[in-house]
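K.L.:
Could you have a look at this structure, given as structure tokens, before my questions?
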Amino acid sequence: MIVETIVTTIAAGGGINIAPMGVEWGDDVIVLKPFVDTATYRNVTAVGAAVVNLTDDVRVFARAAISNPEYPTVPAAAVRGVVLADCCTWREVEVRSIDSAPPRSRIETAVVHRGARREFVGFNRACHAVLETAIYATRLHLLARDFVESELARLQVIVDKTAGPREREAMQILADYIRAAPRDRERPAP
């Protein structure tokens with residue numbers, strides 16, 4: 001099962017990277033699948049660890065999809081890494097094996113520590129719409145712009161019907177980013 005998470009990693013030099021990532025979720029094993037040209041991949045392979053954060057704030061997903069935002073963090077307990085200070089729960093993981101075949105690696109990790117701050121109740125429809133929009137925002141270079149814009153319009157209807165202030169803000173961040181992105185980043189329609 002793929003679970004949408006925020007993966008925090010530490011670079012060899014100490015810098016923090018915050019990235020949204022769908023991971024293969026298990027009780028004791030979590031599989032990360034970062035693209036090989038990303039900071040997440042470089043950091044995990046260099047340090048051998050990461051923290052997989054579950055958060056109910058889709059603004060974190062929105063901002064992390066289009067940049068490397070700064071959020072308050074606290075040191076992880078068992079690995080070289082950081083935990084988002086406002087996440088619901090987290091898993092600290094150590095690398096067990098790496099398949100670096102491009103374009104997307106497969107990094108099997110073992111959960112070595114877990115923590116919780118508050119219950120994760122789940123996402124409403126607006127949150128899911130924001131998550132989908134965040135995925136499209138990261139794939140503008142792979143998808144036809146007309147398709148992305150039609151999906152943005154479709155998902156905006158869901159946000160308009162079911163969102164609270166956080167979801168509206170997250171959707172606006174992503175919509176502004178997609179609309180401002182140069183059209184030369186898109187793949188032509190087939």
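K.L.:
Kindly indicate whether any position in segment 66-87 is in a helix (DSSP H, G or I), touching a Ser or Thr at 6+ places or on another chain (Cβ under 7 Å) and more than 18 Å from G22 (Cβ to Cβ).
P.N.:
Initially, segment 66-87 is screened for residues in a helix (DSSP H, G or I), giving 66.
When the remaining residues are screened for being touching a Ser or Thr at 6+ places or on another chain (Cβ under 7 Å), the result is none.
No: zero hits.
K.L.:
When the residues of segment 86-107 are narrowed to those that are surrounded by 15 or more Cβ atoms within 10 Å (Cβ to Cβ) and over 17 Å from the mean Cα position of the chain (by Cα), which ends up farthest from Y71 (Cα to Cα)?
P.N.:
Of everything passing the filter in segment 86-107, I98 is farthest from Y71 (Cα to Cα).
K.L.:
For segment 60-83, how many residues meet the condition of being in contact with a Phe, Trp or Tyr (Cβ under 6 Å, 6 or more places away or on another chain) and within 13 Å of T5 (Cα to Cα)?
P.N.:
Looking only at segment 60-83, we keep the residues that are in contact with a Phe, Trp or Tyr (Cβ under 6 Å, 6 or more places away or on another chain), and these are 66, 83.
From the residues that got through so far, the ones that are within 13 Å of T5 (Cα to Cα) too are 83.
Residues flagged as in contact with a Phe, Trp or Tyr (Cβ under 6 Å, 6 or more places away or on another chain) and within 13 Å of T5 (Cα to Cα) within segment 60-83 amount to 1.
K.L.:
How do the pairs read when you match residues in segment 20-31 that are within 14 Å of T55 (Cβ to Cβ) with residues anywhere that are among the hydroxyl-bearing types (S, T, Y), using Cβ under 7 Å and keeping only pairs 6 or more apart or on different chains?
P.N.:
These pairs meet every condition: M21/T5; M21/T40; V23/T5.
K.L.:
Filter segment 36-59 for residues that are closer than 11 Å to A12 by Cα, part of a helix (DSSP H, G or I) and touching a Lys or Arg at 6+ places or on another chain (Cβ under 9 Å) and give the result.
P.N.:
Answer for segment 36-59, where residues must be closer than 11 Å to A12 by Cα, part of a helix (DSSP H, G or I) and touching a Lys or Arg at 6+ places or on another chain (Cβ under 9 Å): just V47.
K.L.:
So, P165, is that one assigned by TED's automatic domain parsing to the domain that holds L84 and farther than 24 Å from V51 by Cβ or not? Break it down into steps so the answer makes sense when it comes.
P.N.:
Values: assigned by TED's automatic domain parsing to the domain that holds L84: no; farther than 24 Å from V51 by Cβ: yes.
No; evaluated as a whole, the condition is false for this residue.
K.L.:
Determine whether segment 141-164 contains at least one residue that is closer than 30 Å to R80 by Cβ and surrounded by 18 or more Cβ atoms within 10 Å (Cβ to Cβ).
P.N.:
Pass one, segment 141-164, residues closer than 30 Å to R80 by Cβ: none.
The answer is no; no qualifying residue exists.
K.L.:
Quick check: anything in segment 57-73 crowded, with 18+ Cβ neighbours inside 10 Å, farther than 24 Å from A175 by Cα and without any contact (Cβ under 8 Å) to a residue 60 or more places away in the chain?
P.N.:
The answer is no; no qualifying residue exists.
K.L.:
So V31 ticks every box in (1) in a strand (DSSP E or B); (2) in contact with a Ser or Thr (Cβ under 9 Å, 6 or more places away or on another chain); (3) surrounded by 19 or more Cβ atoms within 10 Å (Cβ to Cβ) but one. Which box is left unticked?
P.N.:
Single failed check for V31: (3).
The values are calculated or read from the model by the stated rules, or taken from the named source; none is laboratory data. Not measured: the values here are computed from a predicted model. Cβ: placed from backbone, ideal geometry, glycine included. Neighbour counts: every protein chain shown.
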